[in-house]
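Scroll down for the structure; my scribbles are underneath it.
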Amino acid sequence: MNELKHNWTKEEILNVYNKPLMELLYEAATVHRLNHDPNTVQVSTLLSIKTGGCSEDCGYCPQAARYHTNVEGNDLMSVSQVKAQALRAKASGSSRVCMGAAWRNVKDGEEFDAVLEMVRIINKLDMEVCCTLGMITENQAQRLAEAGLYAYNHNLDSSEEYYKEVISTRGYQDRLDTIDNVRKTNVTVCSGGIIGMGENIEDRAGMLVALSTLNPQPESTPINALVAVEGTPLEDEKPVSIWDMVRMVATTRIVMPETQVRLSAGRTQMSREGQTMCFFAGANSIFAGDKLLTTPNPDVNEDLKMFELLGLNPQKSFTKKAQPQTVEANDSEFKSLGEKPKWTRPDHKIDRNELAKKKAKLIK
Ligand code: SF4
């Protein structure tokens with residue numbers, strides 16, 4: 001095992017990222033083998049339990065109501081629908097279900113109570129449950145923990161500096177505060193970001209500084225390659241090169257040795273050979289299922305074939321951490337506080353976001 005380092009600087013991370021590729025791959029693969037079984041990959045299924053109609057302006061996201069995209073909005077799924085989908089995910093080899101809702105932040109009330117019930121039900125199926133619901137308070141995180149939540153996802157997206165070029169409606173510090181609220185519980189933290197949004201390598205390193213200096217480091221880190229969706233402000237961004245993706249995965253592995261590094265959005269743009277390099281460089285988790293919230297993802301059978309070809313095995317649930325206990329709603333120690341937290345709204349102007357909004361108005 002490596003000793004975990006929590007004081008990575010941007011310069012140190014850039015030095016790792018820019019190493020000659022063979023050296024970078026060798027070092028990343030060595031760190032990977034010291035900390036994980038290199039033939040095991042954790043498989044998660046991402047379920048969009050509430051789609052579209054979001055009030056935020058994230059420049060990469062087709063679910064933002066202000067942009068005109070082909071995403072059809074849906075209200076919150078029912079608990080029984082979610083249970084059926086979770087059973088299907090389990091049957092196809094997923095150890096984790098990640099439920100995503102297109103919300104700015106969690107609001108106490110009927111919908112959150114329904115999500116808590118979904119968490120209880122999936123935990124009782126002996127699957128790891130993750131939620132990505134936007135910003136949450138400590139009390140809300142405690143209630144999710146009691147319900148049996150295994151992980152909470154809240155991505156930092158990019159460096160603090162570049163984040164301001166992508167999103168104007170929520171602040172970086174709010175994101176760090178949400179992660180901090182999750183850390184006050186026994187729920188594990190999943191946090192990562194997106195490359196290919198027009199950021200430079202310094203920004204990629206900056207994001208890894210923000211993630212790796214968290215103590216503890218996130219238990220899982222998704223590395224997404226932007227899927228440029230028509231109608232979003234980032235629709236014209238060029239696809240990320242596989243070399244950038246491999247370098248980013250390898251660097252993440254080296255600076256966060258114990259974290260599960262997840263190949264997330266953008267896998268359809270990668271060849272099998274490209275994905276294989278990412279696994280060699282230390283990626284040890286994927287999202288399965290033909291959709292990632294709203295963007296395409298490889299077919300489950302394609303992934304099974306790839307696993308067979310590479311001799312990879314899906315990771316069993318609760319390999320890294322014991323299954324949380326589910327506390328029923330009636331026995332809950334934490335009741336709704338009806339909080340109205342004041343998450344910030346910087347609201348500076350981002351030209352390409354404004355343009356996409358104007359275009360959408362013209363179309364609508
Ligand atoms: S990323 Fe999340 S918060 Fe941002 S617009 Fe999309 S759904 Fe809303």
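The table that follows gives values for the structure above.
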| quantity | calculated |
| --- | --- |
| Accessible surface, region 105-199, averaged per residue in Å² (probe 1.4 Å) | 26 Å² |
| Estimated inter-spin distance, Gln325 and Ser271, nm [label 7 Å along Cα→Cβ] | 5.3 nm |
| Spatial separation of Cα centroids for region 107-159 and region 23-39, in angstrom | 31 Å |
| Thr9 accessible area, 1.4 Å probe, all protein chains in place, Å² to nearest 10 | 60 Å² |
| Heavy-atom SASA rank of Arg345, Arg253 (probe 1.4 Å, accessible area, largest first) | Arg345, Arg253 |
| Apportionment of accessible area to carbon and sulfur, the chain, percent (1.4 Å) | 51 percent |
| Those chymotrypsin sites (Phe, Trp or Tyr not before Pro) in region 1-104 that DSSP places in a loop and that have at most 10 other beta carbons within 10 Å | none |
| Global geometry of region 294-353, whether rounded, prolate or oblate, following the gyration tensor of its Cα atoms and the 1.5 cut on a/c | oblate |
| Probe 1.4 Å, all protein chains present, accessible-area order of Ser168, Ser317, largest first | Ser317, Ser168 |
| Set of aspartates and glutamates near Lys342 by C-alpha distance (under 13 Å), chain-local residues within fewer than 8 positions excluded | Asp174, Asp177 |
| Gyration tensor verdict on the chain (Cα atoms; rounded if a/c is under 1.5, prolate if a/b is larger than b/c, oblate otherwise) | rounded |
| Computed accessible area, Leu14, all protein chains, 1.4 angstrom probe, square angstrom | 30 Å² |
| Accessible area (Å², 1.4 Å probe, nearest 10) - Arg272 | 80 Å² |
| Order of exposure, largest accessible area first, which applies to Thr319, Thr259, Thr132 with probe 1.4 Å | Thr319, Thr132, Thr259 |
| Distance between modelled label sites at Lys349 and Asn7, nm, 7 Å Cα→Cβ extension | 4.3 nm |
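The values are calculated or read from the model by the stated rules, or taken from the named source; none is laboratory data. Worth saying up front: this structure is predicted, and the values here are computed from it rather than measured. Every residue, glycine as well, gets a Cβ built from its backbone with ideal geometry; the counts of neighbours run over all protein chains shown. Keep in mind that these areas ignore ligands, DNA and RNA; they rest on the heavy atoms of the full protein, side chains included. Shrake-Rupley method; radii C 1.70, N 1.55, O 1.52, S 1.80 Å.
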